Amino acid sequence: MGNPCHFALFDLQPSFRLDLEQLAVRYRELARQVHPDRFADAGEREQRLALERSACLNEAYQVLKTPSQRARYLLAMRGPELPLEVTVQDPDFLLQQMQLREELEELQDDADIAGVAAFKRRLKTAQEQLNERFAACWDDEVRREEAERLMRRMQFLDKLSHEVRQLEERLDD
C-alpha cells in the first residue's frame, strides 16, 4: 500500500469499530484543508500535490466508512493482499444467499414495497451481526481465516443491499 495509512490520515488507530459521525466530521475538516480550489493560485506542483492529497483522502474516507471495505483494508494491513474475487467455499452461506435472492425476486415480481422494507431490515440486522463477529476476530492471527470468511460474507451482503436499494428505487417510480 504505497499511500499513507487510511487510519493515519484521520489520526485514528487501526480498528474495525469506528465512530462514523466523528469520521465524517474529520473528513470534512481535512477535505477543506486539502481541497484543490484552495491551491488555485499556487504553482503547478502544489496544485498537483493538492489534487493527489484530496484524492487520497477521498479514497481513505470511502474505505473507512464502509464496513466491508474497512474489513478488507484491515486484513490487508495485517497480512497478504486479499484477492478481490474469491470463490466462497461455504455451502450453508451460499444456500442462504440463493434463498435471499429468490425472496428478493419474488418481492420484485409482486411489487411488494412493505415486503422489501422488511427484507431490508433483516438484511441490516444480518450485516450488523457480521460486523460484530468480524470486530471480535480481525486482529487475532489465529482467527484470520474466520475474519476473511466474514469479510467475504460482508461483501455478499453489500451487493444484496445494493440490489435492494435499486429495487426500492424502481418500485418508488
Leaving out ligands and nucleic acids, and using a 1.4 Å probe, what accessible area per residue does the chain come to in Å²? 64 Å²
Hydrophobic long helices for the chain, i.e. whole DSSP H runs reaching 27 angstrom or more by Cα along the axis with Kyte-Doolittle mean at least -0.5, come out as 113-137
Mind checking the dipole of the chain: about its Cα centre, +1 per Lys or Arg Cβ, -1 per Asp or Glu Cβ, Debye to the nearest 20? 700 debye
For a protection proxy built on the mean count of beta-carbon atoms within 10 angstrom, sort 145-156, 40-51, 23-34 highest first, please. 145-156, 23-34, 40-51
Of all accessible heavy-atom area on the range 91-172, the percent that carbon and sulfur account for (1.4 Å): 48 percent
When a/c is below 1.5 the answer is rounded, else prolate if a/b is larger than b/c, else oblate, so apply that to the chain with a ≥ b ≥ c taken from the square roots of the Cα gyration tensor eigenvalues. oblate
For the chain, what relative contact order do you get, as a whole percent, if you take Cα pairs closer than 8 Å and at least 6 residues apart? 23 percent
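The values are calculated or read from the model by the stated rules, or taken from the named source; none is laboratory data. These figures come from a predicted structure and were not determined experimentally. Cβ sites come from the backbone with ideal geometry, for glycine too, and all protein chains shown count toward neighbours. Side chains included, ligands, DNA and RNA excluded: accessible areas come from the protein's heavy atoms. Shrake-Rupley method; radii C 1.70, N 1.55, O 1.52, S 1.80 Å.
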